[in-house]
1. Condition first: open to solvent by less than 30 Å² (accessible area, probe 1.4 Å) and within 11 Å of another protein chain (Cβ to nearest Cβ). Now tell me which residues in segment A:197-211 satisfy that.
2. Of all residues in segment A:78-94 being surrounded by fewer than 19 Cβ atoms within 10 Å (Cβ to Cβ) and not charged (D, E, K, R), which is nearest to A:Met105 (Cα to Cα)?
3. Give segment A:140-163 a look and list any residue that's more than 9 Å from chain B (Cβ to nearest Cβ) and aliphatic (A, V, I, L, M), or say none.
4. Given A:Gly166, A:Gly126, which one is more than 12 Å from chain B (Cβ to nearest Cβ), farther than 20 Å from A:Asn48 by Cβ and surrounded by fewer than 24 Cβ atoms within 10 Å (Cβ to Cβ)?
5. Counting residues that are within 14 Å of chain A (Cβ to nearest Cβ) and under 13 Å from the mean Cα position of the chain (by Cα), which helices (runs of 4 or more DSSP H) fully inside segment B:3-84 reach at least 1?
6. Name the residues in segment A:212-222 that are assigned to a helix (DSSP H, G or I), surrounded by 23 or more Cβ atoms within 10 Å (Cβ to Cβ) and hydrophobic (A, V, I, L, M, F, W, C), would you?
7. Right, A:Ile170: aliphatic (A, V, I, L, M), at pLDDT 95 or above and within 29 Å of A:Ser136 (Cβ to Cβ) or not?
8. Inside segment A:223-270, can you point out the residues that are at pLDDT below 70, in a loop (DSSP other than H, G, I, E, B) and more than 30 Å from the chain's Cα centre (by Cα)?
Amino acid sequence: MATNTRIILICSGKGGVGKTTLTANLGIALAKKGISTAVLDADFGLRNLDLLLGLENRIIYTAQEVLEESCRLEQALVKHKQQPNLSLLPAGNPRMLDWLKPDDMQRIVSLLSEQFDYVLIDCPAGVEEGFKNAVSASKEAIVVTNPEVSAVRDADRVIGLLNTHGINPIQLVLNRVRPKMIASQEMLSIDDVTDILALPLLGLVIEDEQVIVSTNRGEPLTLNGSKTPAARCYSNIASRLHGEDIPLIDPSKEGSGMRDKLRRLMQTKIF
Amino acid sequence: MTLRDILNKLLRRQEASANTARERLQLVLAHDRTDLSPDLLDQMRREILEVVAKYVEIDIEEGAVSLETEDRMTALVANLPIKRDASGALRTKELTDDSESEPSKEN
């Protein structure tokens, strides 16, 4: 029995910023390190974690059947074929929207923490019931945001709520960073976002078309040792989460051509 | 100020948008975090000015009350310039008896 299970909520407030993609990639990356990891899809109204992990055809039961004792936890857990250290548990299916309460969520998570070292909870968007249920069962949180005003504003609201629930630590992942736009000062910089939200930065993820390709296939980028920018970012985040000291990728160094050098020169502060 | 800013100024182009985004966010977050609408803030500003004006003579036009945020702290910052007379002394209500300069009647 794992007693020091890390129960981490992955949330953002705003939808579409990359919670589920981060959950899938972190889950795979941690499992690859030999850590037993469960990913819990708390967003069962609009569940997608199964799709990103390529497990959509293997779900038979959900956490609801486990709590009703109509199946055992082992039957509901979907083990990843290539990374058997990773298991997915859907909280429920979209047809049973109203059943889950904070108590239920806490019972599911406490069952999971008996056998896993990490439980990653993919939180639904918004700050209503689904969010409250997921928070009630969590100890730590990763807030995902994009360098866009709407995403940062929603992240701020969520951080306030996490604080009132005593979630600690809360760390930030800045997703979909576009180095060229930051260089031309048309996008909030990393420092802008961390200053405004005042959270420690767990990592950033560079915008990368390969993320879409990997979701098309249902194979997270971290699964097959891909070396694309986003894959490196996700692996680094998993390592940092696990306590390894890995320097941040510097987005301004991601390009090395003449144009990139000129861009860097243009953003040098003169006074 | 960066090279790009200078170039933009010289070419009379619009300022790069990241700065605007940061400033807009800081303002909207200050309001989000306090749950104060601009209307309520304005009302509070007027009342604070009235109270302060009872004790010292302030420049009502110059007075500003705003919300500022740093880290996760939000502060209400009031900037109320106090008028000085020719001798350089602060003009408090006790010192100034000339009723023409009083902005409002006290009761």
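The values are calculated or read from the model by the stated rules, or taken from the named source; none is laboratory data. Note that this is a predicted model, so its numbers are computed, not measured. Glycine also receives a Cβ, built like all others from the backbone with ideal geometry; neighbour counts cover every protein chain displayed. Quick note on the areas: whole protein, heavy atoms, side chains included, nothing else; ligands and nucleic acids left out. Shrake-Rupley method; radii C 1.70, N 1.55, O 1.52, S 1.80 Å.
1. A:Leu197, A:Leu199
2. This residue is A:Asn93.
3. A:Ala141, A:Ile142, A:Val143, A:Val144, A:Ala151, A:Ala155, A:Val158, A:Leu161, A:Leu162
4. A:Gly166
5. none
6. none
7. So A:Ile170 fits the description; yes.
8. The answer is A:Gly257, A:Gln267.
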